[in-house]
Structures are given as C-alpha cells and as structure tokens.
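A quick write-up on the structure given underneath.
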Amino acid sequence: MVNDAPEVDVLAGFVPRHRLLRVGQLIAVEGLDGAGKNTLVTGLVERWTASGLQVATFTFPRYGQSATADIASEALHGAHGDLRDSVYAMALLFALDRAGAAADIAAATETSDIVILDRYVASNAAYNAGRLEQDADGEVVRWVADLEFGRFGMPVPDRHVLLGVPAEVAMQRAESRAAADASRARDAYERDSDLQRRVDAVYRQLAEAQWTSPWHRYDGEDVAALADLLTR
Ligand SMILES: Nc1ncnc2c1ncn2[C@@H]1O[C@H](COP(=O)(O)OP(=O)(O)O)[C@@H](O)[C@H]1O
Ligand SMILES: Cc1cn([C@H]2C[C@H](O)[C@@H](COP(=O)(O)OP(=O)(O)O)O2)c(=O)[nH]c1=O
C-alpha cells in the first residue's frame, strides 16, 4: 500500500529527557559559611523547575531531623563539654547525619532529574582539613572519603559546585546575617576567621584536584549560565 500522506516528523522538537540530562544527576554545592549556597540552590531549583525538570534538594546538616546534626550544632554553640574540641568526633557526627539520609538520596535519584545537595561530604573534608591545618591531599581528607564513600556507601556526586566568593565577603555576610537574625548567631567555626581562610584554601585545592568528580567554580554572578552549564 502506498502512503500518500505528507511526511510529518512527529518527533520534531521532542528531545527525550535522558538525552538532555542523565536522570538523577547528583550535584553538591559547597562553600564557606555565608558564601551564598542557600541563595544559589534556591535559584537553581527555581530555574530548573520552571523548565519542567523534577528537582530534589537535601541540606546538610539536617537540623531538626537528625540527632547527630543537632548535637553537632549545639556543640558548635558551646554545649556538650569538650565534644567540639575533637575534630574526628565532630566529623563523625556530620558523617552519621549524612549516612542517615543515604537511602533517601538514592530514592531521590530514581525519581528526580536533578538532586542538589547543599553541603555534602566535601564540607567534612574541607572543614576538618582546615581545623587540622592539613591540605586537600592530607590524612583527614582521605579518612573522610574512606568513611563516607567507603564504609557508609554515600553516593559520589556527579559534580561539585564551589561558591568561590572571597573568604572576607563570605565572613562579612555571615556576620550581617547573624546581626539581623538572632536565630543565626555565628557558631564557633563562623567566628574563627583563620579557620574560614584555611577552609577556603582547602576547598580551592579540592576543586583544583577535581576531588572525586568534576568541580565548577561559581562566583555568584550568573545563575542562569551556571544552570545551563550543569545541564549541558
Ligand atoms: N550574590 C550575593 N550578593 C550579596 N548577598 C548575597 C549573595 N548571595 C547571598 N547573599 C546574602 O548573604 C547571606 C548568606 O547567603 P546564604 O545563601 O544563606 O549562604 P550560605 O547558605 O552559604 O551560608 C544571606 O544573607 C544572603 O541573603
Ligand atoms: C555538613 C557539614 C558541615 N560542617 C560545618 C560547616 C559549618 O561551619 C557548620 C554548620 O553547618 P552550616 O551549613 O553552616 O549550618 P548553619 O545553618 O548552622 O550555618 O558545620 C562540617 O564541618 N562538616 C559537614 O559535613
């Protein structure tokens, strides 16, 4: 039988979702306190949701959902005796908080196009290397990776985004935020400007080394360009 109907390409303009983006792409957003992570994550979610993508977010530490996260925060605000003095104890609390979310993250990667993590394993690497005055290739960064990706089986992000605003700018923002909102009083890490500068240096080394996956530096200027870059 001869088909006389004009040829119509019913698939014209249709791009299957999996060709736009691998389903369940995991993106970790990292940076100093006050760097603008929350602001950036909000911008990315708005943008991607408006373009029809399914987006899930997780914010670490999971305050109010995890006793270990709450205890870590309380320690950073002066509670729990000398707990805060132990770098490894603090790191373990943050790691156990994340381990408690591993199944939820895995489930989200099955049902979402993009899963954004506002702080993730690299926070533990950067802050604790900063505390111990080690570099990104030092012992504690390896310990964090072995503990979290190895022993706890946390998924490795497909990409990292480092908010690379200067440390002085991030610290100023954290200070202004604390002055404006009593519930955001700065914790021990936020008050320690030498620590913030060392953490900043370790973050830049982790990005330079493309630690565990590709890292993208973002300076807070053009969220649209970053969103496009991440979905390319
Ligand atoms: N690009 C920016 N320029 C100026 N202020 C900003 C910018 N991004 C965030 N801020 C402000 O800086 C503070 C810290 O931002 P936030 O997104 O909460 O950072 P983080 O989650 O990294 O701690 C907030 O008060 C926020 O409104
Ligand atoms: C998630 C995480 C945070 N931290 C540090 C970074 C911050 O200085 C501190 C608190 O996290 P933060 O995200 O800044 O929470 P808050 O809303 O209280 O400002 O904990 C780690 O050391 N390891 C981790 O794994």
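The values are calculated or read from the model by the stated rules, or taken from the named source; none is laboratory data. Keep in mind that what you see is a predicted model, and the values were worked out from it rather than measured. Backbone-built Cβ (ideal geometry, glycine too); neighbour counts: all protein chains shown. Only protein heavy atoms, including side chains, enter the accessible area calculation; ligands, DNA and RNA are left aside. Shrake-Rupley method; radii C 1.70, N 1.55, O 1.52, S 1.80 Å.
Points to keep in mind about this one:
- Measuring only protein heavy atoms, the 1.4 Å probe finds Thr68 accessible over about 40 Å².
- Solvent exposure of segment 21-231 amounts to 44 Å² per residue of accessible area, where only protein heavy atoms count and the probe is 1.4 Å.
- Length-normalised contact order for the chain - Cα pairs under 8 Å, 6+ apart - percent: 30
- Within the accessible area of segment 21-231, the carbon and sulfur atoms contribute 49%, probe 1.4 Å, all protein chains present.
- Projecting the Cα atoms of Val202, Ala167, Leu44 onto the charge dipole of segment 21-231 (Cβ charges, centred on the Cα centre) puts Leu44 farthest toward the positive pole.
- Tilt relative to the chain, helix 121-132 - C-alpha long axis, 0 to 90 degrees, to 10: 20
- Where a label projected 7 Å from the Cα of Phe152 along Cα→Cβ would reach, residues of segment 97-130 with amide N under 12 Å: 97-103, 120-125
- Annotation: Tyr88 carries an accessible surface of approximately 80 Å², with a 1.4 Å probe and no ligand, DNA or RNA atoms counted.
- Rounded if a/c under 1.5, otherwise prolate or oblate - segment 21-231, Cα gyration tensor axes: rounded
- Relative to the longest principal axis of the Cα atoms of the chain, the long axis of helix 102-111 makes an angle of roughly 20 degrees.
- When Glu46, Glu190 are compared by accessible area of protein heavy atoms, the largest-first order is Glu46, Glu190, using a 1.4 Å probe.
- Model label sites at Arg142 and His216, defined 7 Å from Cα along the beta-carbon direction, differ in position by 3.2 nm.
- Between helix 193-208 and the chain there is an angle of about 30 degrees, using the helix long axis and the longest principal axis of the Cα atoms.
- Potential extension, Asp181-His77 segment - 0.36 nm per residue separation minus Cα distance: 35.9 nm
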